[in-house]
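Structure record follows, encoded as structure tokens.
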Amino acid sequence: MSMSQAVKQRSMSWYALAYAGTGIAQKGFGFLLAMWLARTLTKDEYAQFGLLFALQSGLTAFAMAGIVEVVISFLGTHRDAPARARLYRAANTVFLGLSGLLAVGAVAVYLLYLRGAGIGMWPFVCVLAGALLAAQFLVQASLVRLEERHGAAIVFAFWAPVAGFVGAACAFALRPAVDSYFFGFAAASLLTMLAARLRGAGYFSASRDAAEIAPVRKSIGPYIGVAVLGWASGYGNVWVVEGLFTPALVAEFAFAYTLASILQLAANAMNQVWSPRFFKIVGTLPPHEIESQNMKFYRLQGLVLGLVSVAFLVVLPHLQRLFGGNLSEYHVTGGLAWLFAGYAVTIPWWHAQNYFLFKGEGARLMRIVLATTATGMLAWFGVMVALGPAGIYLGFFLLMALRSAGIWFVARRLWSIGLPWQGPAIACALIAVPALAAL
């Protein structure tokens with residue numbers, strides 16, 4: 001390895017640690033906020049919070065659906081800086097148009113269904129505004145990351161959402177109610193966005209050239225379907241749980257799923273460093289060398305996810321006793337272990353997905369997601385009906401395992417990729433220790 005390669009490798013390692021550290025810190029702040037809300041609100045109130053939070057996460061995912069993935073698929077034909085700048089402008093234009101359509105659709109859904117479900121107009125408006133701003137931050141973080149401007153990416157991916165959390169915490173402290181949280185988050189996010197625009201951070205310029213916009217606009221369709229299914233198989237399932245079980249179980253699942261997302265964030269933080277590196281080496285190194293580097297990374301990822309899970313499962317009961325209040329009513333250690341394990345077995349999915357994105361196989365990826373997610377959600381629903389509350393968590397693990405297996409088998413057939421089994425095995429073995437000890 002040359003000196004320059006060694007320096008680049010060390011730099012990538014430091015940024016991986018920075019992404020992982022800030023990701024965990026961000027989710028840690030959200031975790032403390034969730035603990036505070038669960039401590040203060042009744043279970044019925046926290047169930048309503050969980051439903052609104054699930055709605056906000058869905059709107060965020062739909063607003064940015066396919067934007068980054070399509071940009072990545074076009075990088076091969078936009079290699080120089082001016083071409084990439086045009087691509088980013090086109091992506092921003094499509095994002096703004098998609099956000100506008102989403103806002104109109106969301107209002108229609110509110111008037112037709114959500115208003116009758118007891119959700120007020122004011123919290124809905126705050127949820128919608130916060131979701132669109134959060135989506136913009138995530139898009140900007142991804143665009144600057146593709147340029148390997150990792151410092152700027154951390155600002156958008158970490159400091160911006162933390163500012164939203166701080167605003168939510170301040171609003172909730174002044175008035176402990178569900179709608180206060182969403183108002184504070186939206187207000188702080190808006191101020192942060194204005195500051196970022198004034199400082200010229202990110203790539204906010206939009207394109208007026210129809211020829212630039214059309215390729216991006218025409219390519220996002222499959223990813224919108226992926227986003228819908230991804231949400232339905234994640235936070236969106238809170239609404240399914242609400243239809244099957246009591247508000248108390250809705251509150252527990254929403255609480256556990258919020259806590260479990262710290263593992264997804266840690267994994268995403270590591271993937272955000274590795275993916276740009278993968279996209280650069282996939283066309284230049286021999287396949288066996290690419291897979292060798294993939295396996296090393298995913299072993300490390302499995303170890304990190306396992307250690308984070310163990311620390312969380314060990315510390316959580318102590319934090320519940322420390323915080324007190326209504327937290328004593330939440331018994332989620334066993335369910336949380338299944339959720340963590342579900343994220344751990346997703347490692348082969350992330351491995352295979354990079355190949356689909358690089359090859360521009362969004363339509364094929366969408367078909368795989370449709371088939372595996374539909375199968376997994378049917379399994380999840382069946383397990384919930386058969387096993388009751390325990391099926392909420394076991395079903396999630398089955399869903400993630402089925403999705404991961406499905407995409408990996410197809411990618412294996414197309415590109416002869418390896419199976420990164422060691423990462424999930426390491427993570428699940430570690431997770432099993434505190435989970436079994438808690439029985």
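The values are calculated or read from the model by the stated rules, or taken from the named source; none is laboratory data. Predicted model, so just to flag it, every value in this text is computed and none were measured. Note that we place each Cβ from the backbone using ideal geometry, even for glycine, and neighbour counts take in every protein chain shown. Accessible surface is based on the protein model in full, side chains and every heavy atom, while ligands, DNA and RNA are left aside. Shrake-Rupley method; radii C 1.70, N 1.55, O 1.52, S 1.80 Å.
Put +1 on the Cβ of each Lys and Arg and -1 on the Cβ of each Asp and Glu in the stretch 119-215; which of Gly130, Phe165, Ala201 then has its Cα farthest toward the positive end of the dipole? Farthest along the dipole direction, towards plus: Phe165.
Our note on the geometry: Cα centres of the stretch 307-366 and the stretch 139-207, 24 Å apart. When a 1.4 Å probe is rolled over the protein heavy atoms, the share of accessible surface on the chain that falls to carbon and sulfur comes to 68 percent. Using a probe of 1.4 angstrom and keeping all protein chains present, the accessible surface of the chain works out to 43 square angstrom per residue.
Candidate membrane-span-like segments in the chain, meaning DSSP H helices with Cα atoms spread over at least 18 Å of their own axis and a Kyte-Doolittle mean of -1.0 or above, are 3-40, 43-63, 81-109, 121-146, 160-174, 178-198, 247-281, 287-323, 362-387, 389-415, 422-437, with no membrane implied. Of interest is the spacing of the C-alpha centroids, which for the stretch 375-427 and the stretch 40-99 amounts to 25 Å. As a ratio to 2.2 N^0.38 Å, the alpha-carbon radius of gyration computed for the chain takes the value 0.95.
Charge dipole of the chain (Cα centre as origin; +1 on each Lys and Arg Cβ, -1 on each Asp and Glu Cβ, all else neutral): 980 debye, rounded to the nearest 20.
Heavy-atom accessible area, probed at 1.4 angstrom with all protein chains present, ranks Arg175, Arg299, Arg199, Arg145 as Arg199, Arg175, Arg299, Arg145, highest first. If R0 is 45 Å, the Cβ-Cβ spacing of Asp209 and Trp421 corresponds to a FRET efficiency of close to 0.45.
Pull out a ≥ b ≥ c, the square roots of the eigenvalues of the alpha-carbon gyration tensor of the stretch 378-439, then state rounded if a/c is under 1.5, prolate if not and a/b is larger than b/c, and oblate in the remaining case. Mind showing how you got there, number by number?
On the way: a/c = 6.21, a/b = 1.37, b/c = 4.55.
Cα axes put the stretch 378-439 in the oblate bin.
Considering only alpha-carbon pairs that sit under 8 angstrom and 6 or more positions apart, the relative contact order computed for the chain is 22 percent. Taking the Cβ of Thr373 as the center, what net charge do the other residues with Cβ under 13 Å away carry, scoring Lys and Arg +1 and Asp and Glu -1? Net of charged neighbours comes to +2.
Using the alpha carbons of the stretch 99-195, what is the convex hull volume per residue in cubic angstrom, as a whole number?
Considering the Cα atoms of the stretch 99-195, their hull volume per residue is 92 Å³.
Between Leu378 and Ala85, full extension at 0.36 nm per residue minus the direct alpha carbon distance yields a gain of 101.2 nm.
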